[in-house]
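Asks: I have a structure I would like to understand better, so I am pasting it below and will then ask my questions one at a time.
The values are calculated or read from the model by the stated rules, or taken from the named source; none is laboratory data. Predicted, not measured: the structure shown is a model, and the values here were computed from it. Cβ atoms come from the backbone with ideal geometry, glycine included; neighbour counts cover every protein chain shown. SASA here: full protein model, heavy atoms, side chains in, ligands and nucleic acids out. Shrake-Rupley method; radii C 1.70, N 1.55, O 1.52, S 1.80 Å.
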Amino acid sequence: MENVVEVKFISKEYKEFSLKNITFHIRQGNIVGLIGQNGNGKTTIIRCLLNLVPFKGKINIFGMDSVKYESQIKERIGFVFSECPFDENLNACNIGIIMRSIYKKWSEEKYSEYLQKFAIPKKQKIKEYSRGMQVKLMLAVALSHEAELLILDEPTSGLDPIFRREILDELKKFVSNKRNSVLFSTHITSDLEQIADDIIFVSKGNIIFQGSIEKLQEQYGRNDEKSVDSIDDIMNKMLDRGLT
């Protein structure tokens with residue numbers, strides 16, 4: 001199984017925080033959960049992946065340098081952010097027209113299907129949407145241009161369990177062809193236990209674990225032969241023991 005994303009020794013310095021020689025990979029067909037406390041580097045990693053901030057080191061996505069081939073790579077990536085990036089005075093129809101001019105493989109038919117499926121009002125202004133509707137709109141856009149990689153930054157934060165379940169179901173469908181992949185940053189670790197293949201645990205600008213949920217539980221969360229801790233419990237234990 002090939003790597004869709006390869007991050008090699010990237011660093012990013014801020015006045016009060018820094019990423020330190022971060023290295024990880026995402027395998028094709030996998031859902032990878034990015035976890036860690038707020039302010040420990042998850043969003044900075046995503047910003048580096050999307051070339052939104054300058055960084056030291058090297059990132060390859062789809063086998064291409066993420067800086068040199070930024071435009072080609074972003075054609076093949078779908079984004080869902082914690083905050084809706086679209087002008088709040090636009091509506092879903094307006095967004096479709098804009099995206100048609102941005103993505104070469106934009107599918108108006110598929111976009112309309114997702115709007116209907118997610119019950120997103122086409123003519124209502126985005127500022128009148130609920131938080132859940134805004135997330136669903138971002139997901140509809142991300143899924144309507146033949147993206148091969150989805151990058152999500154805290155998309156389910158503040159959503160009720162029904163909305164979260166819908167989003168998780170869509171992510172599972174997205175990778176069901178074994179070709180598409182997902183990087184899913186979230187602090188709701190119970191969501192990851194349902195869908196993630198691998199976990200990347202970030203603390204204080206360092207990656208302290210990458211591997212399967214089973215490996216994480218085996219190394220840090222097994223109480224006995226029949227009982228294992230949740231991801232959240234393992235995170236708290238590692239923090240309490242100073243392992244991070």
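Asks: Compute a Gaussian network model of the chain, connecting alpha carbons closer than 10 Å, and tell me which residue from 111, 14, 103 fluctuates the most.
Replies: Greatest mean-square fluctuation among the candidates belongs to 14.
Asks: Now for a separate question. Which value, in nm² and rounded to one decimal, describes the direction-averaged projected area of the C-alpha convex hull of region 29-184?
Replies: The directionally averaged projection comes out at 9.5 nm².
Asks: Pop out the carbon and sulfur fraction of the accessible area of the chain as a percent, whole number, probe 1.4 Å.
Replies: Of the solvent-accessible surface of the chain, carbon and sulfur hold 47 percent.
Asks: Tally Lys and Arg at +1 and Asp and Glu at -1 over the other residues with C-beta under 14 Å from the C-beta of residue 105: what net charge comes out?
Replies: Neighbour charge sum, excluding residue 105 itself: 0.
Asks: Rounded to the nearest 500, what is the chain's calculated 222 nm mean residue ellipticity when only DSSP H runs of at least 4 contribute -39500 (n - 2.57) each, over all residues?
Replies: Only helices count here, giving -9500 deg cm²/dmol.
Asks: Along Cα→Cβ, 7 Å out, is where each label goes; now give me the distance between the ones at residue 232 and residue 8 in nm to one decimal.
Replies: Result for the modelled spin labels: 3.9 nm.
Asks: In the Gaussian network model of the chain, springs joining C-alpha atoms below 10 Å, which of 150, 115, 34 carries the largest mean-square fluctuation?
Replies: Of 150, 115, 34, the Gaussian network model singles out 115 as fluctuating most.
Asks: Heavy-atom accessible area per residue, region 1-155, 1.4 Å probe: how many Å²?
Replies: Per residue, region 1-155 has an accessible area of 49 Å².
Asks: Let me check the size of region 1-100 from its C-alpha atoms; what are the radius of gyration and Dmax in Å?
Replies: 15.3, 44
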